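Undergrad: Okay, handing you the structure first.
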Amino acid sequence: ANFAQSSGWTFLPGGLLMQWGKITNAASGNFTYLVPFSLPAFSISFTPYWSSGSAPSGNVTYFLDEKNQVPSATKFFWIRSGSTSYSGFYWIAIGKA
């Protein structure tokens, strides 16, 4: 895996799959994983980024599947609330391959 890419995936020991990417500033949306997990991802982390100015404040990012309100094996859904002073976010998901 080339971790310098803006998105990608790699296998980890123990039958795990790690995927990562970057999403530009948007209020909400679906993101389909590059490779589907065999079960819903058990960890998804978000890190906001900003292109200029001071660090963002008051931003909250939620992730959930639109229908079941949990991450799925093929995608996640996000909703941002609060102030919108950041440019987007990086995400990492880990689950069973």
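Laboratory data are not the source of any read-out in this text; all were calculated from the coordinates shown. Model, not experiment: these values are computed from the prediction.
Undergrad: Under 5 Å between amide hydrogens, which residues at least 5 positions from Trp50 or on another chain qualify, with H placed 1.01 Å from N in the peptide plane?
TA: Counting only residues 5 or more places away or on other chains, the set is Ser87.
Undergrad: Using 0.36 nm per residue, how much length does the chain from Ser7 to Thr24 gain when fully extended, once their Cα-Cα distance is taken away? Write out the running numbers ahead of the final one.
TA: On the way: separation 17, 0.36 × 17 = 6.12 nm, distance 1.25 nm.
Value of the extension gain: 4.9 nm.
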